[in-house]
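Every number here is computed from the coordinates shown, using simple stated rules; none is lab data. Owing to the predicted nature of the structure, the values given are computational and were not obtained by experimental measurement. Cβ: placed from backbone, ideal geometry, glycine included. Neighbour counts: every protein chain shown.
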Amino acid sequence: MGVKLTGAGSIGMMPSIFGPIAAMVAIHRVVCSRMPVRPSPLLEGLSGGGFSSGDRTGVAIVVGLALAGARVWSRGKGGKSVNLELFDLTGKVAIVTGGNGGLGLGMAMGLASAGANIVVASRNQEKTQQAVHKLEALGVKALGVSLDVLQPELVEACVQKTVDTFGGFDILVANSGTVVRKPPEELSIEEWDLVIDTNLKGTFLCCKAAFPHLVKRGGGKIITNGSMFSIFGSTVRSAYPSSKGGIVQLTKSLAVAWAKYNIQVNCIVPGWLKTELTKPVYEHPEMGPTILQRTPAGRWGNPDDMRGIAIFLASRAADFVTGQAIPVDGGFSVMGI
Ligand SMILES: NC(=O)c1ccc[n+]([C@@H]2O[C@H](COP(=O)([O-])OP(=O)(O)OC[C@H]3O[C@@H](n4cnc5c(N)ncnc54)[C@H](OP(=O)(O)O)[C@@H]3O)[C@@H](O)[C@H]2O)c1
């Protein structure tokens with residue numbers, strides 16, 4: 001099932017989901033009939049006695065139901081309850097700019113797996129439709145919208161199309177980005193503008209367009225996308241680190257300005273993950289291995305690595321987290337020599 005709840009002992013569920021409980025109890029009884037088990041008082045009570053929990057299969061069934069939207073509490077070894085509903089995004093709507101591939105699609109898949117409906121907003125409509133199909137296969141609604149973040153009117157149109165289709169939205173992932181790799185002395189003004197306008201101004205425009213709609217919803221979550229170049233400089237990139245450093249500062253400013261509207265704004269700071277954007281780097285005979293060797297986790301990341309952090313930052317679990325820049329980098333940013 002792909003989900004493991006380490007240390008789970010006894011499990012309890014809210015009385016509002018007696019249907020799923022009955023199904024779970026029936027399945028669990030069959031599964032547990034041949035296993036050494038430990039009593040679960042709450043389930044035993046709900047099932048009329050004679051029912052036990054404590055095996056991993058049973059835990060996996062309950063986690064499956066939790067991911068399907070049921071309200072589930074798990075009692076760990078320390079006796080503390082974990083409310084998985086905190087991460088449930090069922091009924092939420094998320095716009096993911098640049099959601100048609102790479103890290104954007106990785107985050108979109110994460111949000112959809114937690115129940116959110118997704119608007120994929122990018123320029124390439126063929127890729128966008130492919131992403132829409134992948135998301136729909138997870139059982140959520142997905143909509144492809146044409147967006148070029150360099151054009152403010154298209155940003156507004158994308159937000160409006162989302163509102164017209166879904167009645168509003170709760171989450172913005174401002175992820176679209178581009179890079180030009182050249183020494184600073186060779187970078188043209190046009191190239192500088194392209195990178196700064198796509199990454200920094202584009203992020204600002206999307207956040208600004210989202211703001212009134214999130215306010216109408218009583219709050220929401222904005223996730224921006226930084227980079228290791230939010231922290232480090234580069235000999236062959238100057239506009240890109242400037243834009244990504246700016247995104248972290250923009251994130252902090254939006255976070256403090258919009259906290260009173262119950263809007264949390266956080267920035268993910270990815271390390272080196274394999275996408276179209278980084279292909280010239282990971283396929284490079286020297287740079288690819290150098291990055292691998294400098295990454296404590298011992299591997300390049302991939303778009304799936306973005307799922308968990310996206311779910312967390314988009315969920316109620318992050319209601320008191322705002323203005324933060326959180327690395328997802330296998331330890332790259334904390335590696336000394
Ligand atoms: N991969 C990494 O290791 C890494 C590390 C740190 C940060 N990032 C950041 O992650 C984000 C996604 O990059 P990626 O690595 O996933 O590369 P990618 O696969 O090339 O994704 C870039 C995305 O941005 C979209 N985009 C580019 N220009 C746009 C524009 N003007 N308007 C709207 N959308 C635009 C692209 O879609 P269309 O071309 O269809 O518009 C595409 O979906 C970027 O912000 C990048 O800086 C990546």
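Quick one: count up the residues across segment 140-154 that are assigned to a helix (DSSP H, G or I) and under 21 Å from the mean Cα position of the chain (by Cα).
The total comes to 0.
Taking the condition of a type outside the set (Phe, Trp, Tyr), under 21 Å from residue 279 (Cα atoms) and without any contact (Cβ under 8 Å) to a residue 60 or more places away in the chain, does residue 184 pass?
no
State yes or no: is residue 281 free of Cβ contacts under 8 Å to residues at least 12 places away in the same chain and buried (at least 16 other Cβ atoms within 10 Å of the Cβ)?
Criteria met by residue 281.
Results for (1) touching a helix residue (DSSP H, G or I) at 6+ places or on another chain (Cβ under 8 Å); (2) surrounded by fewer than 22 Cβ atoms within 10 Å (Cβ to Cβ); (3) in contact (Cβ under 8 Å) with a residue 24 or more places away in the chain; (4) among the acidic types (Asp, Glu), shown as yes or no for each residue.
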{"residue": "199", "(1), (2), (3), (4)": "yes, no, yes, no"}
{"residue": "215", "(1), (2), (3), (4)": "yes, yes, yes, no"}
{"residue": "220", "(1), (2), (3), (4)": "yes, no, yes, no"}
{"residue": "224", "(1), (2), (3), (4)": "yes, no, yes, no"}
{"residue": "251", "(1), (2), (3), (4)": "no, no, yes, no"}
{"residue": "256", "(1), (2), (3), (4)": "no, yes, yes, no"}
{"residue": "264", "(1), (2), (3), (4)": "yes, no, yes, no"}
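Go through segment 271-286 and count every residue that is under 23 Å from the mean Cα position of the chain (by Cα) and either near the ligand (Cβ under 6 Å from one of its atoms) or more than 17 Å from residue 182 (Cα to Cα) (or both).
So the answer is 8.
Okay, residues lined up against (1) within 16 Å of the ligand (Cβ to nearest atom); (2) touching a Phe, Trp or Tyr at 6+ places or on another chain (Cβ under 6 Å); (3) within 23 Å of residue 109 (Cα to Cα); (4) among the charged types (D, E, K, R):
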| position | (1), (2), (3), (4) |
| --- | --- |
| 150 | yes, no, no, no |
| 172 | yes, no, yes, no |
| 176 | yes, no, yes, no |
| 186 | no, no, no, yes |
| 189 | no, no, no, no |
| 206 | yes, no, yes, no |
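Going by the structure shown, is residue 233 assigned to a helix (DSSP H, G or I) and more than 8 Å from the ligand (Cβ to nearest atom)?
Taking the combined requirement at face value, the residue does not satisfy it.
Only residues that are surrounded by fewer than 18 Cβ atoms within 10 Å (Cβ to Cβ), within 12 Å of the ligand (Cβ to nearest atom) and in a loop (DSSP other than H, G, I, E, B): list them for segment 98-139, please.
Once the filter is applied, which keeps residues that are surrounded by fewer than 18 Cβ atoms within 10 Å (Cβ to Cβ), within 12 Å of the ligand (Cβ to nearest atom) and in a loop (DSSP other than H, G, I, E, B), segment 98-139 yields 123, 124.
Might you let me know whether segment 247-254 holds any residue that is within 13 Å of the ligand (Cβ to nearest atom) and farther than 30 Å from residue 165 by Cα?
There is at least one residue in segment 247-254 that is within 13 Å of the ligand (Cβ to nearest atom) and farther than 30 Å from residue 165 by Cα.
Return the residue satisfying two criteria in turn: it lies in segment 254-299 and is among the charged types (D, E, K, R) and part of a helix (DSSP H, G or I), and of such residues it is farthest from residue 105 (Cα to Cα).
For segment 254-299, the residue satisfying everything is 260.
Checking residue 142 against (1) more than 16 Å from the ligand (Cβ to nearest atom); (2) over 24 Å from residue 201 (Cβ atoms), which test does it fail?
(1)
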